[in-house]
1. If you wrap a convex hull around the Cα atoms of segment 89-243, how much volume per residue is inside, in Å³?
2. What percent does the relative contact order of segment 404-525 come to when contacts are Cα pairs within less than 8 Å and at least six residues apart?
3. Taking the Cα centre of the chain as origin, sum charge times position over the Cβ atoms of Lys and Arg (+1) and Asp and Glu (-1), and report the length of that vector in debye to the nearest 20.
4. With label points built 7 Å along Cα→Cβ from the Cα atoms of residue 484 and residue 710, find their separation and express it in nm.
5. Of 530, 479, 519, which is farthest on the positive side of the dipole of segment 447-534, counting Cα position, with +1 on Lys and Arg Cβ, -1 on Asp and Glu Cβ, and the Cα centre as origin?
6. Please quote Rg/Rh for segment 441-496 to two decimal places, taking the Kirkwood radius as Rh and restricting both calculations to Cα atoms.
7. Taking a temperature of 25 °C and a viscosity of 0.890 mPa s, what whole-number D in µm²/s does Stokes-Einstein yield for segment 187-234 with Rh from Kirkwood over alpha carbon pairs?
8. Decide, for segment 266-327, between rounded, prolate and oblate: order the square roots of the alpha carbon gyration tensor eigenvalues as a ≥ b ≥ c, take rounded if a/c falls under 1.5, and otherwise choose prolate if a/b is larger than b/c, else oblate.
Amino acid sequence: MARQSGTSVGERKKTIETVPETLMTRDELVKFYRLMYLSRRTDDREIVLKRQQKIFFQISCAGHEALLVAAGMAMRPGYDWFFPYYRDRAICLALGNTVEEQLLQAVGAADDPASGGRQMPSHWSSAKLNIVSPSSSTATQCLHAIGCAEAGRYFSRHPEAAAKHEGDYREFKDVKFHGDEVVYVSIGEGATSQGEFWESLNTASNGKLPVVYVVEDNGYAISTPVEANTPGGNISRLVANFPNFHFAEIDGTDPIASYSAMVEAVAYCRAGKGPALVHGHVIRPYSHSLSDDERLYRSAEELEVDALKDPISRMQMWLLREGILDADAINRLERQVDEEVQRTADKAVMAALPKIDSIMRHVYSEDLSPLDARFASEPEATADKTERTMADLINCCLKDEMRRDERIVVFGEDVADATRDEALRAGKIKGKGGVFKLTTGLQTEFGNHRVWNSPLAEANIVGRAIGMAVRGLKPVVEIQFFDYIWPAMHQMRNELSLMRWRSNGVFSCPLVMRVPIGGYLTGGSIYHSQSGESIFTHTPGVRVVMASNALDALGLLRTAIRCDDPVLFLEHKRLYRETFGRAAYPGPDYCIPFGKAKIVRPGKDLTVITYGAVVPRALQAAQKLHRDKGVDVELIDLRSLSPYDWEAIAESVKKTNRVIVAHEDMLSWGYGAEIAARIGEELFHDLDAPVRRVAAMDVFVAYQPLLEDAILPQSEDLYRAMAEIAIF
Ligand SMILES: Cc1ncc(C[n+]2csc(CCOP(=O)(O)OP(=O)(O)O)c2C)c(N)n1
């Protein structure tokens, strides 16, 4: 019935009470059937509810039940970790998720424990069962599963890192782990076309991680048949050469074959031999979802062939044939399930709905905000008064925090000193530590478990970090250049920013992404000069900061690491080693709260609001304008872009009545548009001149320095705008 490879199953097979060749007792076989039937009837009930417009979406597990109950019964709920996708009702039921919990999500109830009415049905999530809140995006979860497995391994090697700690995110992030936990991740065969699936195989294989993949191959991705997604039509053939994997390709409508394959795969992972991939051929007897009509693209003949393989009737026949249940017992079991589902549905449709005033809860941590006063401090006067660059102080901060907090791991492209570390440890080479050398010395001091080079794949970096952060690690990852953040955009927008809100505060993934950004490099050109911060400030759930000087960079980075939210930490690479803004090391606890701007130059005639590399340029312009014309500019460095310091802006504009918002990024739809609009809305009566923006031309940065200078806002542009607005 099944083609399998790998280790043999062993002991359970031999126990006296198991039914030969099934690895299950008679009771387990009955339970197996009950769960399959329960799953199908819950889908059927949801379909009725959708037709009655009592729920608003339906996607079923129909046809996948045997494979999924097998997976659930082969694993340990609340011990192992689970990253299922929307077809996985049956595994969730098998793990202990209840029909009531599932139907509460379907109606969008306040008490939906998975999301509080925020997610569509079939977006399973349970803190108790270690089922991690998913998005609707296909394949992103594969990378979370990898990070989750890495975190489990990390905590078993560094158990002391799991301890709670007052005063930072660890106070609110409980860690649980076991030495031999396995991580489950499932995916449809269509979604195996996504790069994130392949990026995850890369790391699962390289790291011999205990991740069991289940590919649920029902032959269709909505209307697209398998051969249009998968070359040759069979994913097992394509993945077969990944080292360290255990592979099994089975008939996933066969409960017995499914169970034996899952037991074997899980045992392989639990023994630490590496990852496993079970490719189950299943059927899809209902359309993709209730929004789809498969009769438009599948013939009646094709559907009839599928119907013959229905796992529910297959198992029912098998139980009868083997004499495990007779017809009466089956009828009784089914009647009980029908009544249970009906009763639960009647209750779920009466459930209380979420309150409107709950909408903004859990966008960010409600336990510890980076705006909190605990992050306000003064620089310590240390013995070493050397003026350090931004690059130096960021490196100091990373070292300080890694010494203080063993949950911090650092990875990204080329961030390690040397992956092949023999020469490094022998002192024969110095080590690289990042293309800008910001992470230099970290691997040497903290070891290869805490600092390592990732594959050249940005989604891999962010997706894994999310999985780790869910488990309580604090990844501080680097994206090598802002220009190459885009492969990680999907993970950032749909996963990183949303984990907390979509799970109604149950799961979260506070982590730090350090990203060198910006131009003014003389030759940086299109792909090493980009800005684009407003794309991320437009994403709720992520904090965005950008320092203009060394002291602020250190203070903000420390807050970013200690706080409980995901932070995009933008580092202007032109400022890394500038003479402007150097500072002495301010001690190992110096922090700056987010949302607090800095008055770089107080003034009374005109406010200039800016950040990043425009700060020194605006300062130069303001000083010259004062010398030339006596105009007194108040220069505000926002430092923190989301949240931003509206109070500082309003106070200054009320004083000067004239304002310029300046930034390096392009003018149109840029960061300044939001600030200018809000000033217009809320401070209209305080203005004596129109709000002016100074920014880059609406084009990418060109290579030739002459063009680069013209494209990016220069001190002279700022000077001109200041002079005009001052006398408007
Ligand atoms: C990244 C992404 N692209 C597109 C979609 C829309 N979509 C939802 S399900 C689906 C098909 C998935 O097919 P498959 O992976 O084979 O799983 P199945 O639904 O057949 O179980 C598509 C295209 C999505 N959810 N996410």
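Values quoted throughout were computed directly from the atomic coordinates according to the rules given, and no laboratory measurement underlies them. Given the structure is predicted, the values throughout are model-derived calculations rather than measurements. Here the Cβ is made from the backbone with ideal geometry for all residues, glycine too, and neighbour counts use every protein chain on show.
1. 136
2. Relative contact order, segment 404-525: 27 percent.
3. Using only the charged Cβ atoms, the result is roughly 1180 debye.
4. Placing both labels 7 Å beyond Cα along the Cβ direction yields 3.0 nm.
5. 479
6. 0.99
7. Once the numbers are plugged in, D ends up at 214 µm²/s.
8. Oblate.
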